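Colleague: This structure is in structure tokens; I'll ask about it shortly.
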Amino acid sequence: MTTTATAAPEKTRYYTLQQFFLKQGSQVTRIHDFWSKGCLPVLTKLHSGPIIVLESLVAPHMPQVLVLTGYRSPAEIEKVQSALHANPDFQKALAEWERDPEQPYEHYSTSLLEATDYSPEIKPLDPPPKTPRIFELRTYHSPTLRQLRALHERFAGPEIKIFHRVGVHPILYTTTVYGANQPNLTYLTPFENLAAREKAWAAFAADPEWIKVRKESIEQHGQISSVIQIWLYRATPYSPIR
């Protein structure tokens, strides 16, 4: 008798991170209408990978909408985007979004991120949360690629274990392939609310093992995360993962 092994599902390896920078007024309502009623209904039929749509709570530029979409390969990104832009329903929604005399956004940026080997797969909660969660996006900039490797080693080793013990549970760890402020490690962490976030980070900062790990890391590699950027977002009600 022969048996056929079931192949493990291919991991989500790449993420596009789109940030739409807006100004107060009609742009905010229009971008939510575009994504919730126009783009997402088409995109979710074409693509089964993880999609998160967030709106800014604390960021250098507000208001802002962030869309994170996961893919298995660069080829899949090209395939899905080509199919999306060829879809007549998407084209109609895009035309409607841009029809207003005021531009749809001030500007936008797109980064390509590669998930680390130690990054988990992003999956929706079951059951979904009753209220959208808070998502914290952190980017740690390293002075050199050597120090970025040391930063990844620290995360993959003791730091994630400490995170989980104190209530910090990132759902994505990445390195920027194309985008600003390289080299860096960027990771995304959901929290039930702002109070839970404050409690978890306070516990992390005071954790004796973390204090020891950080001291040893600096002694061996120098300051491997020289600049830290932090953004706080809330999942939109229509985000596939919220």
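The values are calculated or read from the model by the stated rules, or taken from the named source; none is laboratory data. Everything numeric here is computed off the predicted structure, so don't read it as measured data. Positions of Cβ are backbone-derived with ideal geometry, glycine not excepted, and every protein chain shown enters the neighbour counts. With ligands, DNA and RNA removed, areas are computed over all heavy atoms of the protein, side chains included. Shrake-Rupley method; radii C 1.70, N 1.55, O 1.52, S 1.80 Å.
Colleague: What lysines sit close enough to residue 215 to cross-link, taking a C-alpha to C-alpha distance under 22 Å and skipping anything fewer than 8 places away on the same chain?
Modeller: Within reach: 161.
Colleague: Output the 0 to 90 degree angle, nearest 10, between the alpha-carbon long axis of helix 208-221 and the longest principal axis computed from the alpha carbons of the chain.
Modeller: The helix 208-221 is inclined about 90 degrees to the chain.
Colleague: Restricting to lysine pairs 8 or more places apart or on different chains, what number in the stretch 1-145 have Cα atoms under 23 Å apart?
Modeller: The result is 14.
Colleague: Where nothing but the Cβ of Lys and Arg (+1) and of Asp and Glu (-1) is charged, how large is the charge dipole of the stretch 183-239 around its Cα centre, in debye to the nearest 20?
Modeller: Working: 6 positive and 6 negative charges, 28 e Å.
It comes to approximately 140 debye.
Colleague: Further question on the same structure: What residue among 162, 218, 122 shows peak mean-square fluctuation when the chain is described by a Gaussian network model with Cα springs under 10 Å?
Modeller: 218
Colleague: Right, next: Which values, in whole Å and largest first, are the semi-axes of the equivalent ellipsoid of the stretch 2-101 obtained as the square root of 5 times each eigenvalue of the Cα gyration tensor?
Modeller: Details: eigenvalues 191, 62, 20 Å².
Those come to 31, 18, 10 Å.
Colleague: Hey, what does the equivalent ellipsoid look like for the chain, semi-axes from the Cα gyration tensor as sqrt of 5 times each eigenvalue, largest first, whole Å? Could the numbers behind the result be given before it?
Modeller: On the way: eigenvalues 207, 106, 65 Å².
Working through the eigenvalues yields semi-axes of 32, 23, 18 Å.
Colleague: Write out the trypsin sites (Lys or Arg not before Pro) in the stretch 9-83 meeting two conditions: DSSP loop, and at most 15 other Cβ atoms within 10 Å of their Cβ.
Modeller: Details: sites: 11, 13, 23, 30, 37, 45, 72, 79; in loops: 11, 13, 23, 72.
Listed in order of number, the matching sites are 11, 23, 72.
Colleague: Tilt of helix 74-86 relative to the longest C-alpha principal axis of the chain, in degrees (0 to 90, nearest 10)?
Modeller: With both axes taken from Cα atoms, the answer is about 20 degrees.
Colleague: Kindly identify the stretch 145-209 as rounded, prolate or oblate by the Cα gyration tensor criterion: order the square roots of the eigenvalues as a ≥ b ≥ c, call it rounded if a/c is under 1.5, otherwise compare a/b with b/c, prolate if a/b is larger, else oblate. Each step should come with its number before you reach the end.
Modeller: Working: a/c = 2.55, a/b = 1.52, b/c = 1.68.
Taking the square roots of the gyration eigenvalues as a ≥ b ≥ c, the stretch 145-209 is oblate.
Colleague: With all protein chains present, how much of the accessible area of the chain (probe radius 1.4 Å) comes from carbon and sulfur, to the nearest whole percent?
Modeller: On the way: 7200 of 12960 Å².
C and S atoms contribute 56 percent here.
Colleague: Give the accessible surface of the stretch 115-240 per residue, rounded to a whole number of Å², with probe radius 1.4 Å and ligands, DNA and RNA excluded.
Modeller: On the way: 6530 Å² over 126 residues.
Heavy-atom accessible area per residue stands at 52 Å².
Colleague: Using mean Cβ contacts within 10 Å as the protection proxy, how do 137-145, 203-211 order, highest first?
Modeller: Working: 137-145: 17.9, 203-211: 13.1.
Put in order of decreasing packing, that is 137-145, 203-211.
Colleague: If R0 is 41 Å, what FRET efficiency do you get for residue 211 and residue 73 from their C-beta distance, rounded to 0.05?
Modeller: Values: r = 40 Å, r/R0 = 0.98.
Efficiency, from the Cβ-Cβ distance: 0.55.
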